[in-house]
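Structure first, commentary second.
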Amino acid sequence: MTDDASPLLAVEGLTTTFDTDDGQLVAVDGIEFTVEAGETVCLVGESGSGKTVATESITRIVDSPGSVEGSVRFGGRDLLSMSEPERRAIRGYEIAHVFQNPQDALNHCYTVGWQVVEALQVHEDVADETARSRAIDLLDRVGLANASTLFDDYPHELSGGQKQRVMIAMALIGDPDLLIADEPTTALDVTVQAQILRLLDDLRREFDMGILLVTHDLGVVAAVADRVVVMYAGKVMERGSVLDVFERPAHPYTRGLLDCLPGVGGTEGGIPGTLPDPLDPPDGCRFAARCAYAEDACRTGEQPAEIKTDPGHHASCIHYRPDRDESVLEDAGREPTGSDRGADELPNDGVSTDD
Amino acid sequence: MSRQPTIGSKTDGRVSRRRWLSALGVTGLSALAGCSGEEGDEGDTDGGGGDGGDTDLIIGEFPRFGVDDLYGETVARTLARKAFEQSDHDYGFDGDDMVTPDGNQVELDIYHSAGQETSQLMAEYIGQELEKNLGIVVSVEAIDGTRFNNEYWTAEPAGGTDTVNGEEIEWTRPTPQNPGPQSVASNEAWDMSVVFGLNTYPLNPLTNEAFFDGATAAYNPVGYYPEFDATGLFETARQATSRDGLREAFVEIFENLAREQPYIMLVLGDDLVGYNPELNGPSENFSNGWDFPAWHVGDPTVSGSYDTVSAAGFSTLNPLYNTEAGAGTAVGRVLDQGYTFDDDQEYFPLLYDMSTENGEVWTFDLRENLTFSDPYGRVTAADFVYLVQAVHQSDWANTAAALSWEGVEVERTGEFSFQATLETPALLWPQSYDPLLYPIPRALLEPYVESEDVEGLQQDEELLELQFSGNLGAFTLDEWNRGAGTTYTRNDEYYLRDIDEGPDRFADGPFFEEASISVVEEQASRLGALETGEADAAGIPPEQFQSYEENEDVTVREIPTPYNRILSVNQRANGWQTGPGNPFQITAFRQALAAAIGKKDLIQGIYRGLADAHFTWQPRWSTFYPGEE
Amino acid sequence: MGFGTYVTARVMWAAVVSFIIVTITFLLLAAAPNPDVQRAATQAALQGGDPAAAAERARELRGLNEPLHVRYLDYLRSVYTLDWGWADSRSQPVTTALAEGLYYTAQYSVPWTILTILLGPLVGVYSAANMYSWKDHLATGFAFFGYAIPNFFFGIILLLIFGVWLDVIPVVYDTSVPVFSVANAVQLSIPVFVLVTGSIGAVMRVSRNESAEFQHAAFMKTAKAKGVSPLRAYAYHVMRPTLVPLSTTIVGQLLALFLGSSLLVEKVFGIPGLGRVTYNALIAQDTNLVLGATLAFTFIAVFGNLIEDLVFTVLDPRISYDDR
């Protein structure tokens, strides 16, 4: 169903606003990125930078938005302009979601099996028995022991890691082309986090699906991402392949983020300052207020247009304009971060059980 | 003859009526010379004029207080002044105000039933009238009827002695309703009350003995001391062997009660019943319904259903144990009793005729065409005699009619006749309803009589479901649904069709295929059923009389009742709390009160014209009502 | 503990509770003066007999001179063999009286209960889904109206409108029509409507407020992301958790309304149901029937609470069988 010529998911000018009592809140402001079939794209940024809203805007499951505009092309179809029932047919079937907190993401009144099967049966007319065996297979596949008895358990009888595996199984039962995982490991115990990420990566290969992974953990990004999209205050600051971005971070914000990685050196303790007020974003570059290299030109007009710094590597910073000298950014004298070392740190102990 | 009344007063012992009247300073002695009648039948409420009063105060043998010449400020004050002359205390008038010996205006309280609009309006009206005509300040108080009865109306029976009309009288059998002499009083003090009304027993006025048979009468909560020889007159009535003698004695009693106003008599209310307008039969008569088998809708042909509503369910339909009026009606559709009273309140034989020479020995003659259902066969005198002797007069069965047959000797005299001998003669025995019997098969009773099984008798299925009714009723009972009511089917064999007496229509009655009585506890629903025609008859509250009279779906009948509305004045020690003494004890003062309350305005204003003026302890349609001579 | 064991334990507990109430009733009765004995004594006094002897005779006749434990066993046997005595105010056995009342009460309370349980949560959840819209305000207004207006008054008004003015329903309740007939449905429509409006308000409000919480729960987003339609999401994912707190409200409410409301509605519409049977027994001081009705309502209440407990655990799997 995907056209080889075009990417699996192409997001262009996606803008999501909320109407609040204090005015219009632009949570995602005209972002652009793509996800190719079978690859993992990581959406990184601080909390509140609009990552979650951006992913939920793709299938429009975001809660009561004021508006979602722009274009989201999935397999050649525009998800935003199609009708709600048409979108509903795609949700959970072609594009599946895994959420941040598995504790509340499952309905406490139904067995986990029921909820997994529901994800299939709302799309396909599958007999209960067939659906059940498929769900058990999948529960087994995501590393849950005793899948056939666990099928009839209620969510409160499961641990957090088990629940997230159930959520993943639920996402995969429709055999989706794209899996959107929104910080799937944040709420979990550190020992479980790596297992889940490894599982996702294994499943990506096995199911040949694209993954859009939201995270603020650059270690994770380094471990699993093919490409990275860096968001700040509703805007995309930089995007490119994981090698490009980690080795040659273009945007000062990205550099700031990478500096925060423990053990990488640089200024530990994060970037000074806070996110701008989303109700009243500043003119010019959103990051200007916290940027060590900001000039007056950074604080006027719109967010600078993306500039290609390398093939497939874009940054939204005026210093890369042709008429500018990008070398000013090297003044800090920081070393580019090294390799994708995070991958080496992934535990190798398999994914059989969580607890 | 002893019918000459003796009028006494506390001050001078026995005096003649003439002397009593002259003592009042009454100038109209000429009227007395003619021995009453000057007001004759005209003494109606619409006689016009109110305050005609001047010093020419005429109180006849049968005064009608509260109307015409005997209503208004002048009459009332004249009578009150006379009362004060007889009082040991120095009451009087100061300008318009009635004042106590201390010079304070007289203040009295009056109690009415809480939550009853008519009662409250009446109390307020009385207050206005007494203020206007007698200068008395009245405070109106609401009270719950049960509470009034327990704390105010009744007292611990104490007994005692007192001088009444110059005679020493002893209260040998005090009751809560007459605990003793005027000095014995209830826990709570009270002056006046309209909380209770009483029955006037028009068919058998002898029953009024309970109220007025001397100061020691069984029921005398207000502490009234008759100033006439009430005991003697009731004795005369009891002993009377002819209708005329009876009537003379009663007229005498009721004339005296009209004069003495033991209770200030105000009005006799009417029952208001709404009927299906096409129904022929209902009459505005105390005996309304006695000829029910002749009632019909439209043409006198058998058709349709006669449906009525009842406010309460029936606790039993067992004729031996029923004491409820509503259940009596439900039983009556199926089972006639011995007799009834026609439009003229005359005895009308149903199952049996009753006759007597002197009121002592009564002969019952049964109709010969009465039958029970199988297997019980014909109704004979033996059934009735057995019922009375083995059940009513037994010491175990404790039937509703047990008291009626106490001391009565019953004896079978033929297959269809028996006779009863009373301890004391009673010309009005049938009117007391005591000899009213339901026909019950002897064979049905026998097993219970043998084992003296009262519970078995009470719970007997055949009695409860009236399955033995044969040809003895207009209908047969189909079903008694305890909560919903009764349903009936026409009894084609009804014996009444073959009798000679009564309306010709009896020959084809009843004129309904079916009948039903539905229990509808909510008044609004009963009225709704009447309006839509689901019910053919239903009682109507007085305040809705107007709207139903204008409603063409309903015909309203005003059916006279024997129940009166009275102003009770407390003549006991704790009455008249405003000052020393108790003027309520003085007849002239009670007359003053009666003269101060206008009956015409009361009837029109509060009863919307749906009541009769009440002058003495009988309704005007009673045979024993005085003033018709 | 499994579900089966749990149910067994609950049922046994219900039996124990009913037994305790039955016993307390007996003790109260034993302590109170028996009206029959008093009546016999009064009567004897009035007729000039010996009140003490009459009272003794009456006690003997009713077995009241037996030792307490003998009477207690006798009483227990009567209660559990349904030998509840004779209802003097209706001239029929107490059990027959109660059965007749229940027969008519069931005819309106079954549809009433079903409608309340079905419509209340539906309207409440619908209201929550459209919170603060005109639909919500309409539903809320309706809920408060039904809750606030006295049932008997509302009943009389509707009876006047539909029974008297429009004449589409009979004013006098007809017991002779078959239970499952159009005529019966017609005559019960207004009483059921009145009762439903009276009871649905609380159910609607509780379900509206409870479901407002659940409709924004994370699992609703999960459902949406799965491609579940809004209707299905509300029906399965909001309604079900809402029913858990609601089941307590419903059972409690219906039990409370069972006596109070139903009596007034029975009076207005002339339905000879259990409420009127009990009320009239109280008025008539029909001791046997009052006792029987008390026991019947005790059993109904105990049974209702049992059902509530069971429904609760079925609806909310998080509730452990051991904890309750």
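Points to keep in mind about this one:
- Other protein chain Cβ atoms within 10 Å, averaged over every residue that makes up C:226-238: 5
- Taken about its Cα centre, segment B:392-440 carries a charge dipole of roughly 140 debye when the Cβ of each Lys and Arg holds +1 and the Cβ of each Asp and Glu holds -1.
- Using alpha-carbon coordinates, inclination of helix C:94-129 to the longest axis of chain C, degrees: 20
- Rounded tilt (10° steps) of C:287-315 against the dominant C-alpha axis of chain C: 30
- Taking the charge dipole of the protein assembly as shown about its Cα centre, with +1 at Lys and Arg Cβ atoms and -1 at Asp and Glu Cβ atoms, the residue from C:Gly198, B:Gln182, A:Leu25 reaching farthest to the positive side is A:Leu25.
- Taking label points 7 Å from Cα along the Cα-to-Cβ direction, C:Arg318 and B:Tyr433 give a separation of 7.0 nm.
- Listed by chain and number, the lysines whose alpha-carbon sits under 30 Å from that of A:Lys51, ignoring those within fewer than 8 places in the same chain, are A:Lys163, A:Lys235, A:Lys308, C:Lys221, C:Lys224, C:Lys226.
- Hull volume in cubic angstrom per residue (convex hull over the Cα atoms of the protein assembly as shown): 263
- Cα extents of segment B:475-595 along the three principal axes, largest first (Å): 70, 39, 33
- One decimal place: the segment B:Trp621-B:Thr172 gains 158.0 nm when fully extended, by the rule 0.36 nm per residue minus the C-alpha distance.
- Fewest-first ranking of B:Arg77, C:Arg318, using other Cβ atoms within 10 Å as the exposure measure: C:Arg318, B:Arg77
- Projected label points at C:Thr248 and C:Glu66, each 7 Å from Cα along the beta carbon direction, are separated by 4.4 nanometres.
- For segment B:298-309, backbone phi angles converted through the Karplus equation (6.51, -1.76, 1.60; θ = phi - 60°) give residue-by-residue couplings of x, 5, x, 10, 6, 6, x, 9, 9, 10, 10, 10 Hz, Gly and Pro being listed as x.
- Take the Cα of B:Glu452, step 7 Å toward its Cβ, do the same at B:Glu549, and the gap between the two points is 5.9 nm.
- Neighbour-count order for B:Val309, C:Val168, fewest beta carbons within 10 angstrom listed first: C:Val168, B:Val309
- A Förster distance of 22 Å, applied to the separation of the beta-carbon atoms of B:Asp96 and B:Glu188, puts the FRET efficiency at 0.10.
- The amide H of A:Val98, built 1.01 Å from its N in the peptide plane, has A:Ile180, A:Ala181, A:Asp182 as neighbours under 5 Å, considering only residues 5 or more places off or on other chains.
- Taking the Cα centre of segment C:135-251 as origin and assigning +1 to Lys and Arg Cβ atoms and -1 to Asp and Glu Cβ atoms, the resulting dipole is close to 720 debye.
- For segment B:246-285, backbone nitrogen atoms closer than 15 Å to the point 7 Å from B:Ser305 Cα along Cα-to-C-beta are found at no residue.
- When each of A:Ser83, B:Ser622 is scored by the number of other beta-carbon atoms lying within 10 Å, the sequence from fewest to most is A:Ser83, B:Ser622.
- Separation between Cα centres of segment B:484-557 and segment C:123-165, rounded to whole Å: 38
- Cα gyration tensor category, rounded, prolate or oblate, for chain C with a/c compared to 1.5: oblate
- Charge-dipole axis of segment B:394-487 as Lys and Arg at +1 and Asp and Glu at -1 on Cβ define it, positive-most pick from B:Gly470, B:Leu403, B:Val449: B:Gly470
- Contour excess over end-to-end distance, with Cα ends at A:Asp202 and A:Asp19 and 0.36 nm allotted per residue: 61.9 nm
- Residues whose placed amide H lies under 5 Å from that of B:Ile540, excluding near-sequence neighbours: B:Leu272, B:Val273, B:Gly274
- Measure of compaction for segment B:124-214 (Cα Rg per 2.2 N^0.38 Å): 1.32
- Hypothetical label at B:Asp498: residues of segment B:461-477 whose amide nitrogen lies under 18 Å (7 Å Cα-Cβ projection): B:469-476
- Measuring r between the beta carbons of B:Ala325 and B:Ala158 and using R0 = 30 Å, the FRET efficiency lands at 0.30.
- Charge dipole (chain B, unit charges on Cβ, about Cα centre) - positive-most of B:Phe286, B:Val520, B:Val194: B:Val194
- Counting only residues at least eight positions apart within a chain, or on another chain, the lysines with an alpha carbon under 16 Å from that of B:Lys599 are B:Lys132.
- Förster-model FRET efficiency, 45 Å R0, B:Gln239 and C:Leu255, C-beta, rounded to 0.05: 0.10
- Dipole magnitude of the protein assembly as shown, debye to nearest 20 (Cβ charges: Lys/Arg +1, Asp/Glu -1, about Cα centre): 3020
- Annotation: aspartates and glutamates with alpha-carbon distance below 20 angstrom to C:Lys267 (same-chain offsets under eight excluded): B:Asp307, B:Glu521, B:Glu522, B:Glu531, B:Glu534, C:Glu100, C:Asp167, C:Asp174, C:Asp286.
- Backbone amide hydrogens, once placed in the peptide plane, bring B:Glu521 within less than 5 Å of C:Gly270, excluding anything fewer than 5 places away on its chain.
Just so you know, all these numbers are worked out from the coordinates, no wet-lab data involved. Owing to the predicted nature of the structure, the values given are computational and were not obtained by experimental measurement. So basically every Cβ, Gly included, is an ideal-geometry build from the backbone, and we count neighbours across all protein chains shown.
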